[in-house]
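Note sheet for the following structure.
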Amino acid sequence: MKLFMALGTGNIVDDLRRHTQNNVERSETSITYSQQAYDYVKHARITGLFVSGNANRDHLSVGDFTARNIPSSLMQRRGLSYHLYAIGYGIRLALMARTFGADIAIVDSGMTHGFVLSLFRLFNIEIVVGMHNVRWANGFEPKRLVPKILRALNSFFFRHFASAAIGCSPECEAQARTDGADNLPFFQWRGQYVLAGFDPTQPARERVPFRIVFAGRVERNKGVFDILAMSELLAAHCATPVIFEVCGEGGALTELRRVVAVAELSDHVIVRGRLNRAELLEAYARAHLVIVPTRGDFCEGMPLVCSEAVLAGRPILTSRVSNALPLMSAAIAEAQPEDVESYVDQIIKLIEQHGYYDQRAAACYDASRQFVDRSKSYSATIDRVVTHLFPDRQPMRNYDALFE
């Protein structure tokens, strides 16, 4: 069997080179998807071709497996240029899979428009969509003409061409099956971690000052600038000092640092930038709360930071846009999307009502178990979809073996 995978924009070649050399010490807290996929094809004895849109053009071949970074400039484009490039890149992926002789292809949804993936079926390749993100932000269905047209075209693909879909949250599944694709086979996964450094039973330190961590891409649609407004309101209305730590890198990092300095908020909003794994674990350990204030113009699937929060024993403050509520609602204080005052109200409640906070902290352990359950891993999900589409293949009996 030949498996073709298109895995977003991460540097899969560098990741897999270090993995094959048993040199996996790096800054990521989670077990990467490319690593899980590689371990699956190796154990399942499948010939694999993996492709990434990473800007660092590179390739790696190990036995029957090849990884390639084929740069994509999709995220730097806007308007008509964006759509034409997405279509062209999708056609390129389909032609590569056909040349490779793929029996099945798993393509991350952000690499091209869904309807372009219909080409894979025309080439007699089973096509599976990998949904790390949702099609639209939860509660923010498309209203403008072009997004509505794209929704209709992509929904037609899900109804008539998609062989199956896999995704990281119940909302991914709901949106894949919307508009009449009720019978689409769908398989969910959960991000996976090595427990070293995490302790979901570790209590938070004294709650003065009250520390809140943001960890992830520093972008406006991730809600980082809403944090500044929250900080100002909390300084005026909360007796307990609150300190935000912003951990991560992204296109808005420089602007965020500038605005924090101009607003003289550096004592209350500490912008740390990108941290390595050990530093990030230290940030979680000194925190009392993890905040995920994603806005309605970002199609969050279910951010890994939510998994990391419960693994560290820290409650989460977020809205329905994160899609984490169905998976760990007992550990979450829910705010309304894009509503700074709602977030501030929840922070004050968590500070002042110890029982409210303690209930959510106590729920972290149970919520965290799914993220170290290898039967819910990305690699296990690939196995399930492959054996669903090719019943003559035997499913793996021991998913734990993939992580040894």
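The values are calculated or read from the model by the stated rules, or taken from the named source; none is laboratory data. Note that the coordinates shown come from a computational prediction; the quantities given were computed from them, not determined experimentally. No Cβ is skipped: glycine too gets one built from the backbone with ideal geometry, and neighbour counts run over all protein chains shown.
Quick rundown of the values:
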quantity	calculated
Residue among 236, 229 that is of a type in the set (A, V, I, L, M, F, W, C), farther than 27 Å from residue 299 by Cα and either outside any helix (DSSP H, G or I) or not assigned by TED's automatic domain parsing to the domain that holds residue 106 (or both)	236
In segment 121-137, residue surrounded by the most Cβ atoms within 10 Å (Cβ to Cβ) [restricted to those that are out of contact with any Ser or Thr (no Cβ under 8 Å at 6 or more places or on another chain) and either acidic (Asp, Glu) or touching a residue at least 40 places away in the same chain (Cβ under 8 Å) (or both)]	125
Filter pass, residue 289 being within 22 Å of residue 243 (Cβ to Cβ), surrounded by 17 or more Cβ atoms within 10 Å (Cβ to Cβ), assigned by TED's automatic domain parsing to the domain that holds residue 228 and not β-branched (Val, Ile, Thr)	yes
Spans of helices (runs of 4 or more DSSP H) in segment 1-103 with at least 3 residues among the β-branched types (Val, Ile, Thr) and in contact with a strand residue (DSSP E or B) (Cβ under 9 Å, 6 or more places away or on another chain)	12-20
Selection count where residues are in a helix (DSSP H, G or I), small (Gly, Ala, Ser) and in contact (Cβ under 8 Å) with a residue 40 or more places away in the chain, scope segment 371-403	3
Residue check, residue 380 of a type in the set (A, V, I, L, M, F, W, C), at pLDDT 95 or above, within 24 Å of the chain's Cα centre (by Cα) and in the same structural domain as residue 236 (by TED's automatic domain parsing)	no
Lone unmet requirement of (1) touching a residue at least 40 places away in the same chain (Cβ under 8 Å); (2) in the same structural domain as residue 316 (by TED's automatic domain parsing); (3) closer than 29 Å to residue 302 by Cβ; (4) out of contact with any strand residue (DSSP E or B) (no Cβ under 9 Å at 6 or more places or on another chain) for residue 201	(2)
Near pairs, Cβ below 7 angstrom, 6+ apart or cross-chain, from segment 17-30 (modelled with pLDDT of 70 or more) to any residue that is surrounded by 15 or more Cβ atoms within 10 Å (Cβ to Cβ) and in a loop (DSSP other than H, G, I, E, B)	30/191; 30/192
Segment 341-362, subset among the hydroxyl-bearing types (Ser, Thr, Tyr) and within 20 Å of residue 227 (Cβ to Cβ), residue surrounded by the most Cβ atoms within 10 Å (Cβ to Cβ)	343
Scan of segment 175-201 for residues that are charged (D, E, K, R) and farther than 30 Å from residue 286 by Cα, ordered by number	177, 179, 182
Looking only at segment 363-389, and only at residues there that are surrounded by 17 or more Cβ atoms within 10 Å (Cβ to Cβ) and aromatic (Phe, Trp, Tyr), the one that is farthest from residue 328 (Cα to Cα)	378
Which listed residue is in contact (Cβ under 8 Å) with a residue 40 or more places away in the chain and under 24 Å from residue 282 (Cα atoms), from 337, 315	315
Given (1) among the hydrophobic types (A, V, I, L, M, F, W, C); (2) in contact with a helix residue (DSSP H, G or I) (Cβ under 6 Å, 6 or more places away or on another chain); (3) at pLDDT 95 or above, index of the condition residue 402 fails	(3)
Qualifying position, being among the acidic types (Asp, Glu), at pLDDT 95 or above and under 21 Å from the mean Cα position of the chain (by Cα), among 103, 108	108
Leading residue by the ranking (surrounded by the most Cβ atoms within 10 Å (Cβ to Cβ)) among those in segment 184-201 that are among the polar types (S, T, N, Q) and either modelled with pLDDT of 95 or more or at positive phi (or both)	192
Unique match (being small (Gly, Ala, Ser) and either at pLDDT 95 or above or within 22 Å of residue 8 (Cα to Cα) (or both)) among 204, 174	174
Residues of segment 274-286 that turn out to be closer than 16 Å to residue 248 by Cβ and either touching a Pro at 6+ places or on another chain (Cβ under 9 Å) or in contact (Cβ under 8 Å) with a residue 40 or more places away in the chain (or both), as a count	9
Criterion (touching a Gly at 6+ places or on another chain (Cβ under 9 Å), under 25 Å from residue 360 (Cβ atoms) and in contact (Cβ under 8 Å) with a residue 40 or more places away in the chain) met by exactly one of 188, 175, 192	188
Selection within segment 138-170 - of a type in the set (S, T, N, Q) and either without any contact (Cβ under 8 Å) to a residue 60 or more places away in the chain or not assigned by TED's automatic domain parsing to the domain that holds residue 184 (or both)	154, 155
